[in-house]
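What follows is a single structure, written as structure tokens, with notes after it.
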Amino acid sequence: MELWAQCGVGRLRICLFILILAGFLWGAPATQALSEDQQLVLEAWSLVNQSYVDPEFEGIPWRRLRQEALEQPIPSRERAYEAIETMLVPLGDPFTRFLRPEQFKALTDSTAGSISGVGLQLGINEGETVVRVLSSLEGSPAAAAGIQPGSVVLAVEGNSVEDLGLEGVSAALRGPSGTIVDFDLEAPDGGRQSLSLKRRTVDLRPVRSRRLREDGHTYGLLQVRQFTTKAPELVGTALTELQNKCIEGLILDLRNNPGGLVNSGLTVGDALLDAQPLVSIRDRNGILDTITTNAGTLYDGPMVVLVNSGTASASEILAGALQDNQRAEVMGRPTFGKGLIQTLIPLNDGSGLAVTVARYVTPGGQDIQSTGIMPNQVLAASTQEMPEGDSQDPWLGRAMVALQNQLHRHEKHIERTAMT
């Protein structure tokens, strides 16, 4: 009372705060204070309410879902997690999801360039629903176990892949270093395998590069597996090294790149486009913001981009920008089709949320959600469609032919210019 008497403004502010808080908690049990587990559910609801790309929630009774979640008994942290997951289901957005503490840590670690798990890169091939092994990361437990590309994951810790889905399988295979995970596979030859592998920290090596030689020409291969915090710096270093080797063209391999940090993908785009539109982003308020690259590039020579059904999100943004600006020829298979941008939001107990906060379209106005990027040249699907760029990979050969054609067209253009 003394504080209020001394400062009328302060008293007004306190009263307003109490009224706002009372309104915010409307629908919660009024007979008792919220428990910590209930507060966690309320925190998750509030963060999604403030951030989700559709502020109207497409007709979903979002406020009633909060009330229903808080009316049920929440006697434990696990029940709180289940309540949050149930609350998010009606959104129908597989990318807006709740992440338990170990899942949230694994995802944030992967954006930093490392994971704790068995080191399997997974994906779903075009026209399929099964989760397949795309590759084993070098130096990982999976590589040491000799797991073959093309193997199908059947179950993890006794849980069916049909129930887990692609992301659930990935999350289940990750975990604290030193722990054991049991899972079942079907090898490409049809044989069944039951494996128990010890998880450990694996370097993703998000960027790799090397020189290729074909018919007297020298090309550079730049593979970007994921857009981590370090990816732009690594791409810059790789481009410098490749140009020091006098490459005549560049193959940017984005196959099976699931995306990662959008800002990292945009920074890589800035290195390849010269003052050109990169992407347009529409936020929850309907504001369309077009991002344009800075003047100058780190590489401005002939370029081909390889994509497939595992190319998603930030990697689709980059491929679409290079295609729409006619900066590069895109080759491969139609991409995944993820035109939504998520942000990671930590909760106070170490768990977190991935929330869709914006939609994006390519510079040409193409909304790729569910449709993907259509390559300029569609290639036949192949078991060799792998990101490592093996010497037997037929797509690399097709890409080098395309670069050679670009060089010939450039030479003819110079000849015609000189004649006139």
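Values as computed for the structure displayed
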read-out	value
Sites residue 157 and residue 381 - FRET efficiency at Förster radius 30 Å, r taken between beta-carbons, to 0.05	0.45
Listed peptides 291-303, 309-321 by packing density, highest first (mean Cβ within 10 Å)	309-321, 291-303
Chain lengthening between residue 36 and residue 49 when straightened (0.36 nm per residue, less Cα-Cα)	2.7 nm
Residue 245-residue 57 pseudo-label distance in nm [points 7 Å out on the Cα-to-Cβ vector]	5.4 nm
Most fluctuating residue given options 287, 345, 251, as computed from a GNM of the chain linking Cα atoms under 10 Å	287
Cα pair distances exceeding 26 angstrom across segment 154-289, given as percent	48 percent
Karplus-derived 3J(HN,Hα), 6.51/-1.76/1.60, for each residue of segment 270-278, Hz, glycine and proline x	5, 7, 10, 10, 10, 6, 10, x, 10
Over segment 114-203, relative contact order from alpha-carbon pairs under 8 Å, at least 6 apart, %	35 percent
Share of pairwise Cα separations in the chain, more than 32 Å, in percent	45 percent
Debye log10 I(q)/I(0) at q = 0.16, 0.18, 0.24, 0.25 Å⁻¹ for segment 114-203, Cα point scatterers	-0.55, -0.70, -1.31, -1.42
Phi to ³J(HN,Hα) by Karplus 6.51 cos²θ - 1.76 cosθ + 1.60 over segment 297-302, Hz, x for Gly, Pro	9, 8, 8, 10, x, x
Relative contact order [Cα under 8 Å, 6+ residues apart], the chain, whole percent	13 percent
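We did not get these values from a lab; they are worked out from the coordinates using the rules stated. Predicted model only: the values in this text are computed from it and were never measured. FYI the Cβ positions are ideal-geometry reconstructions off the backbone, even for glycines, and counts take in every protein chain you see.
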